[in-house]
Amino acid sequence: MLTRKTLYACAGIMAICMMVFSACASNSSSGNSGSSLKTGPGVDVAKKTITLGILSPYSGPVAAPVGDPLAKGVEVFFDHVNDNGGINGFKVQFLEEDTQYNPQIEVQKYNQSHDKVLMIADSLGTPTTFAIKDQAASDHMLVSAATLASSLAREKYLILVGTPYRLQVENAFDYVVNKLGVQHPATGIIYQNDEYGQDGLTGYKEAITAYHLNDVAEANYAPTDTDFTAQVSQMKAKGAKYVFLSALPLVTATVVGTAAKLGYFPQFILQSPAWANALLGVPALKPLLTKVWVVGQGATWGDTSIPGMAQMLQDVQKYAPNQPPDGYFEFGYTESEITYAILKKAMANNDITRDGLYNAFLSLNKVDLQGLYPPVTYGDSPDQRVPTRDSVVFQIDPTQPNDVKALTPDFTGTAAMQSHF
């Protein structure tokens, strides 16, 4: 599936070769199928390497459940690419930095590495990615964002990979009202009080109007909070039957556990980053979590009838044999399909500068993700930069390969279809 062309070898006498490589080293131009190749930061023509950045939490509470598997997905995808000809003969390598899911540290790490990489292949987190967006724009640096904040669609150099958080919430309540037939459900939301959580709140408020929800409670928390008794007690006191969580995995565990201690068992619905398979490793939580829904995307792990999944599983076996089924790994692998398409397009245009990558991104139009996720489309306007609007509602199920089973096929609710950005 991922066979790659190789570059034609430079030919001629030693003196000519020396001149060619001297020009390459100056990052001006080199031979590419007989044409002039423009190159930028992170490109070493002599060594035929392209260096991309990864800004991800490799330490702290977000590392193990999210950061590590997601970055590993990126690495495994490009391991396959490199072993199959690279990007027209150029091997992709990574400069990886630990952000600890801290916006200030992300800025520091970006500033340390930005002149050494061609683009950021993965920046994990909404508050962290938004902390570097202005500098990235100043540097003309494309950033593939491991966040689905809908405001990414309004940022020139940030690449939104899937359905935004805002639309996840809307699709969740489309399922409750239009698929399950629950009219005027009593609903509430607990959300992280930052850009990420605010995007979930926006979707929730749009869903209230679109689906005539009986909104009984809205509660937020600071990213540094560890006790959620007040928020859960508010939901219980107001009688919320469906509680949406725009949170992170450890918060999910604490909220669900706190609710059980209070004798409160609503239908919890999770934003995609609120879930991590590792939560099932807590025995006391396991029976509680199996009643939880999570809204996301992605092919079923192990379904080899899907070409992208079959290839991914082969790559896992070869490059990461200890990698267990994991949705964040799948996300990282899938987002790399888009990065690869950008690099291939830029190489075809003989321009692997940052501006060349940006122009390649604008001209992509549609990228087939081989069934791992639905195809993504991109355009010029914010509405057109939202690549997908569909979701799948999953239920946590430890008997399944990736610990989830689909309650719905891919679908786009009426509110998500009509949302503008």
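The values are calculated or read from the model by the stated rules, or taken from the named source; none is laboratory data. All values derive from a computational prediction rather than experimental measurement. Note that we place each Cβ from the backbone using ideal geometry, even for glycine, and neighbour counts take in every protein chain shown. These area figures cover heavy atoms from the full protein model, side chains too; ligands, DNA and RNA do not enter into them. Shrake-Rupley method; radii C 1.70, N 1.55, O 1.52, S 1.80 Å.
Points worth noting:
- Pairwise FRET efficiency - L280 versus D303, Cβ, R0 = 22 Å, nearest 0.05: 0.60
- GNM top mover of N214, N322, N359 - the chain, alpha-carbon springs below 10 Å: N322
- Ordering L288, Y264, P307 by the projection of their Cα atoms onto the charge dipole of region 229-315, which places +1 on the Cβ of Lys and Arg and -1 on the Cβ of Asp and Glu, puts Y264 at the extreme positive end.
- Antiparallel beta bridges, as assigned by DSSP with both residues in the chain, represent about 30 percent of the total such bridges.
- Principal-axis analysis of the Cα atoms of the chain puts helix 249-261 at an angle of about 10° to the longest axis.
- Gyration tensor verdict on region 135-184 (Cα atoms; rounded if a/c is under 1.5, prolate if a/b is larger than b/c, oblate otherwise): prolate
- Figure legend: label point modelled 7 angstrom from the Cα of T224 along Cα→Cβ; residues of region 110-133 with amide N under 18 Å from it are 127-128.
- Taking a point 7 Å from the Cα of F411 along the Cα-to-Cβ direction, the residues of region 255-295 with backbone N closer than 15 Å to it are 294-295.
- Given charges at beta-carbon only (K, R positive; D, E negative), |dipole| of the chain in Debye: 360 debye
- Proximity of backbone amide H atoms, modeled 1.01 Å from N, is registered between A146 and S123, L124, G125 at under 5 Å, excluding neighbours fewer than 5 places apart on the same chain.
- Centroid-to-centroid, using Cα positions, region 325-386 and region 113-159 are 14 Å apart.
- Whole-number Å³ per residue for the convex hull built on Cα positions in the chain: 125 Å³
- Amide N of region 49-92 lying under 17 Å from the label point, which is placed 7 angstrom from the Cα of K116 along Cα→Cβ: 49-58, 92
- FRET efficiency for the Q314 to T290 pair, using the beta carbon distance and R₀ = 51 Å, is estimated at 0.95.
- Most mobile of V282, V243, V43 in a GNM of the chain (Cα contacts under 10 Å): V282
- Between helix 307-319 and the chain there is an angle of about 70 degrees, using the helix long axis and the longest principal axis of the Cα atoms.
- Within the accessible surface of the chain, defined with a 1.4 Å probe on protein heavy atoms only, the carbon and sulfur portion equals 52 percent.
- Rounded tilt (10° steps) of 14-25 against the dominant C-alpha axis of the chain: 30 degrees
- Spatial extent of region 65-173: Rg and Dmax, with the Cα atoms as the point set, Å: 14.7, 48
- Near the amide H of L270, within less than 5 Å, lie the amide hydrogens of L245, W293, V294, V295, all on another chain or at least 5 residues away, with H placed in the peptide plane.
- Take the Cα of Q400, step 7 Å toward its Cβ, do the same at S36, and the gap between the two points is 5.4 nm.
- Cross-link pairs beyond the 22 Å C-alpha cut-off, checked among K91/K116; K38/K345; K72/K366; K47/K156: K72/K366; K47/K156
- Helix-only arithmetic for the chain: the sum of -39500 (n - 2.57) across DSSP H runs with n ≥ 4, divided by the residue total, places the mean residue ellipticity at 222 nm at -11500 deg cm²/dmol.
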